[in-house]
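All of the numbers you see were taken from the coordinates with simple rules; none came from a lab. What you are looking at is a predicted structure, and each value in this text was computed from that prediction instead of being measured. Quick reminder, even Gly has a Cβ in these numbers, built from the backbone with ideal geometry, and neighbours come from all protein chains shown.
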Amino acid sequence: MKSQLYLFLAAIILLMLNPFGKAYAQDKDMPGKRDSINSVVLNEKRVLQVILPDGYKVGSTTKYDVFYILDDWNIKLGRDIQRFIENEHTMPPMVIVGVLNTDRDRDFLPTHNKGNKTSGGADKFLKFFKDELIPYVNKTYPANNNNTLFGHSFGGVFVTYALLNEPDLFDNYIAGDPSYWWDGGVMIKQVKEKLPSLAGKGKSLYIGGREGQGMKEMNIIAIDSLLKKDAPAGFEWVVKAYPKESHGTVRLKNFYDGLRFAYEDYGGKQLAFHPSNGIVLKNKPIKIWYFNDTTRVHYTIDGSQPIMQSPLIRSEIELSDAGKVTLREITVRAKSEKTVTGEFVEGGYLPATKLKKNYKSGGFHYAYYEGQWDKLPDFKKLKPIKEGIADSTFSLDKLPKQNNFGLVMSGQIEVKEDGYYIFASGSDDGCKWYLNDKLIIDLDGTHDGDVGQTYIAPLKKGFYPLSIEYFQKEGGRQLIVEYLTPEDILKKKSVTIPYALRYGY
């Protein structure tokens, strides 16, 4: 009697979620494009709604993570929330694949119950994903096989079933208010039996339900207890209960918090240390600075890949000789890990030069170019459209174009005292710095936001040739021209290279 009541309630819930039946699936306002695949496994045609990233261009070689969404009525909501998070730079752009329904009870439920005539086909639906759908998406669309799966209610049961039986198909599993009560709590038994097999796989599971009676009715509390007791190392999970939500409204929070949990290691601050590269004098050690979270970033100075046994980075370490410094942020999810390496060579003071004839202080000479580039062009082969002095009144915003332009600033800088100097640049898009005709900073290419790099060099009192190449494609514009003198290094604070020490013609 109890299981019959649950089935009756589930039917009412489904009606509330999709009052327009299949008509909703044909909504002309549905984003993306309609596609289909003839499934041999399911012996039927399956319709898909595919939404490509906003910035995708036909012919591009860029590949994207894929977000698979179960149930027609979840597709637009999932797309809107994913785009919102993406636009806040806390998750990457994604290909979204909505899998439209034919018989959701058959596809989502892992066992047959006589109260539901078509239930029990989750094994075939999972095989459809593995053998047909995911290979088709990877072949047809710009997919990188880093996959996330979302399902709600019975769909949440299928999400959990997929995790336990084919964990390698997806990286992240999001189960919204899952109906773990199904068939006497059969998923509880499966979780208990198969949870140990997830050890070391770097998978994540998010479960979101309704606070109070909702958590109990859906049997989420029982699953939560098993996870707390037996979740293996290398498996990340979270169970959240939301107050004052219905079975339908909680989907919004499940989408948002599920994606935020799946991509909690995405973006944020750039993994970087400073100086990033440079020259080290013999018997004159330098300090390496790290300004971010130190709790899971390990480092080496011999060029080897850091491991868990490698020392944790500190806010400051000393480098007494040449070396290859590598930082690695070690996380449960290997695909979220970040690594950065900098090379420091042993050398002497760079030789200073005399001030060139006709050079005056106040700013570097600049040459302005126009063109569309993804990398810095050979400016020597191009004719500048405009030239002048980049003095204290100069600004990128004052250039003739705000996008699709290039800039070369060149001249000499005056060094007032002997010692280590750290040159610091940040740019959006690409730039390169040359000191004494040697490439010291390389931030070439288009960037999603500003990126930075620094270089340390021992300099003598005198003048040094400095050239900076920069291009801007689209979006924001940024070019930082800073350094640290020996005195600034003690303060760990970079400053704009004074215009009085910049010389040009």
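Listed values, structure above:
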{"quantity": "Amide hydrogen neighbours beyond the local backbone of PHE364, cut-off 5 Å, H modeled", "calculated": "ALA390"}
{"quantity": "Of the GluC sites (Glu not before Pro) in the range 39-101, those whose Cβ has at most 14 other Cβ within 10 Å and which sit in DSSP loop", "calculated": "GLU88"}
{"quantity": "Sites ASP302 and LYS401 - FRET efficiency at Förster radius 30 Å, r taken between beta-carbons, to 0.05", "calculated": "0.05"}
{"quantity": "Proximal lysines relative to LYS192, as straight alpha-carbon distance under 26 Å, when same-chain residues fewer than 8 apart are discounted", "calculated": "LYS2, LYS114, LYS124, LYS127, LYS130, LYS201, LYS203, LYS216, LYS228, LYS229, LYS240"}
{"quantity": "Long-range HN-HN contacts of GLU482 with modeled amide H, under 5 Å", "calculated": "ALA424, ILE497"}
{"quantity": "Zone residues, the range 471-488, relative to LYS287, backbone N less than 18 Å from point 7 Å out along Cα-to-Cβ", "calculated": "483-488"}
{"quantity": "Dipole magnitude (debye, nearest 20) for the chain, charges at Cβ of Lys, Arg, Asp, Glu", "calculated": "240 debye"}
{"quantity": "Segments 244-250, 470-476, 35-41 sorted - mean Cβ within 10 Å per residue, highest first", "calculated": "470-476, 244-250, 35-41"}
{"quantity": "Calculated FRET efficiency for the pair VAL340/LYS493, C-beta based, R₀ 22 Å, to 0.05", "calculated": "0.55"}
{"quantity": "Under the Karplus curve 6.51 cos²θ - 1.76 cosθ + 1.60, θ = phi - 60°, whole-Hz ³J(HN,Hα) for the range 494-505, x wherever Gly or Pro sits", "calculated": "7, 9, 4, 4, x, 5, 5, 9, 9, 10, x, 10"}
{"quantity": "For the range 2-262, share of DSSP beta bridges that run antiparallel, in % to the nearest 5", "calculated": "30 percent"}
{"quantity": "Under Karplus coefficients 6.51, -1.76 and 1.60, residue-wise ³J(HN,Hα) of the range 82-95 in Hz, glycine/proline x", "calculated": "4, 5, 4, 5, 4, 5, 8, 6, 10, 7, x, x, 9, 7"}
{"quantity": "Reachable aspartates and glutamates, given that their alpha-carbon falls under 14 Å from the alpha-carbon of LYS386 and they are not under 8 places away in the same chain", "calculated": "GLU370"}
{"quantity": "Those aspartates and glutamates that a straight Cα-Cα span of less than 13 Å connects to LYS45, excepting residues fewer than 8 apart in one chain", "calculated": "ASP35, ASP103, GLU132"}
{"quantity": "The range 400-408 - phi-based ³J(HN,Hα) in whole Hz, Karplus 6.51/-1.76/1.60, Gly and Pro as x", "calculated": "x, 10, 9, 9, 6, 9, x, 8, 10"}
{"quantity": "Pairwise FRET efficiency - LEU382 versus LYS460, Cβ, R0 = 41 Å, nearest 0.05", "calculated": "0.75"}
{"quantity": "Structure-based [θ]222 nm, the chain - -39500 (n - 2.57) summed over DSSP H runs of at least 4, per residue, nearest 500", "calculated": "-6000 deg cm²/dmol"}
{"quantity": "Per-peptide average of other Cβ atoms within 10 Å, ordering 147-158, 315-326, 174-185 highest first", "calculated": "147-158, 174-185, 315-326"}
{"quantity": "Matching label, Rg and Dmax of the Cα atoms in Å computed from the structure shown, candidates (i) 21.7, 64; (ii) 26.8, 95; (iii) 28.7, 98", "calculated": "(iii)"}
{"quantity": "SER60 paired with ASN87, simple spin-label distance in nm, labels 7 Å along Cα-to-beta-carbon", "calculated": "1.7 nm"}
{"quantity": "Net lengthening on full extension, THR294/GLU370 (0.36 nm per residue, minus Cα-Cα)", "calculated": "23.1 nm"}
{"quantity": "Overall form of the range 110-196 per C-alpha gyration tensor (a/c, 1.5; a/b vs b/c)", "calculated": "prolate"}
{"quantity": "Amide H contacts under 5 Å for ILE385, placed H, 5+ residues apart", "calculated": "TYR368, TYR369, GLU370"}
{"quantity": "Of LYS381/LYS493; LYS324/LYS438; LYS287/LYS401; LYS383/LYS416; LYS287/LYS375, those spanning more than 29 Å from alpha-carbon to alpha-carbon", "calculated": "LYS381/LYS493; LYS287/LYS401; LYS383/LYS416; LYS287/LYS375"}
